[in-house]
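Here's the structure, in structure tokens; my notes come after.
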Amino acid sequence: MPWTIEEVLSLLRNEYDVQSWWPSSSAFEVALGAILTQQTRWENVLLCLDSLRDHGLLDVERLAETDIHILEELVRPCGFYRQKAHRLQSLARHVLDTHGGEISHMLQGELDECREELLSLPGIGPETADSILLYGGGRPVFVASSYCLRVLNRTGACSSQDYEAMRKKMEEELGPDSLALGDLYALLVELAKEHCRKLPICRGCPLETRCSFKAGRT
Ligand code: SF4
């Protein structure tokens with residue numbers, strides 16, 4: 001019988017420490033990190049956030065008004081730097097124009113409306129929007145990244161390759177518990193990186209005793 005989601009969460013909490021998994025000083029910084037992390041490593045994101053901080057650009061108004069060419073140079077280590085600079089500045093301008101510069105105001109409205117608003121901005125897809133809502137706004141959403149889809153489908157805890165279906169399923173399973181939803185996402189990413197890679201390393205995986213994929217290989 002496959003693990004339940006509650007069991008997966010409990011087992012992985014014993015295995016990995018994700019308490020400071022998405023460190024940041026503000027919701028705006030989380031949002032910038034969520035855009036910068038697209039298609040790059042987290043180390044590069046930290047480098048760029050440090051540069052933005054050094055230039056005083058973790059501030060909504062200053063980022064909205066800064067020269068785009070300066071911004072491009074600062075985010076160059078994250079790749080796709082022109083696109084990403086444009087996305088960061090679009091977000092900042094939207095927060096400034098529509099929410100008086102307060103991203104917390106933007107993230108605390110009716111959840112579906114907040115999500116739609118984020119999705120309407122350049123370069124913000126479901127995974128980025130949900131990361132911002134969850135880690136920046138503390139809202140109870142699940143980030144159904146490809147890592148999560150892989151682990152949950154292989155174990156048999158869930159069977160869907162569709163982002164929205166998986167997101168809703170996890171939100172139903174864990175209820176309005178943003179801490180549990182955030183931990184589950186972070187823990188599944190950790191497991192996917194250490195064990196459940198494209199070519200899985202099942203030996204030593206905390207879920208191996210009741211994993212459908214593992215059972216099918218033995
Ligand atoms: S046992 Fe193997 S396939 Fe199953 S979750 Fe662990 S690493 Fe992935």
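Bear in mind these aren't lab numbers, they're just calculated from the coordinates by the rules spelled out. In this text the structure is predicted, and so the values were computed from the model without any measurement. So basically every Cβ, Gly included, is an ideal-geometry build from the backbone, and we count neighbours across all protein chains shown.
Summing Lys and Arg as +1 and Asp and Glu as -1 over all other residues whose Cβ lies under 14 Å from the Cβ of Gly79 gives a net charge of +2.
Could you give me D for the chain, from Stokes-Einstein at 25 °C and 0.890 mPa s, where the hydrodynamic radius is the Kirkwood radius over C-alpha pairs? Units µm² s⁻¹, please. Don't skip to the answer; put the middle values down first.
Values: Rh = 18.2 Å.
Translational diffusion coefficient: 135 µm²/s.
If R0 is 22 Å, the Cβ-Cβ spacing of Gln19 and Asp177 corresponds to a FRET efficiency of close to 0.90. Using a simple spin-label model with points 7 Å from Cα along the Cα→Cβ vector, what separation in nm is obtained for Asn44 and Arg217? Using points 7 Å along Cα→Cβ, the separation is 2.9 nm. Once the Cα-Cα distance is subtracted from the 0.36 nm per residue extended length, the His69 to Glu7 segment shows a gain of 17.4 nm. If R0 is 25 Å, what FRET efficiency do you get for Ser26 and Glu164 from their C-beta distance, rounded to 0.05? For Ser26 and Glu164, the calculated efficiency is 0.30.
For the chain, give the magnitude of the charge dipole about the Cα centre (Cβ charges: +1 Lys/Arg, -1 Asp/Glu; no others), in debye to the nearest 20. Can you show the working numbers first?
Details: 23 positive and 33 negative charges, 250 e Å.
The dipole of the chain has a size of about 1200 debye.
Calculated [222 nm] ellipticity per residue, helices only, for the chain: -17500 deg cm²/dmol; basis is -39500 (n - 2.57) per DSSP H run with n ≥ 4, divided by all residues, nearest 500.
Available extension along the chain between Glu61 and Glu116 is 17.5 nm, counting 0.36 nm per residue and deducting the alpha carbon span. Relative to the longest principal axis of the Cα atoms of the chain, the long axis of helix 146-155 lies at roughly 10 degrees.
Going by Cα centres, the stretch 75-146 and the stretch 160-218 are how many Å apart? Spelled out, the Cα-based centre of one part sits 25 Å from the other. If you take all other residues with their beta carbon under 13 Å from the beta carbon of Tyr147, and give Lys and Arg +1 and Asp and Glu -1, the sum is +2.
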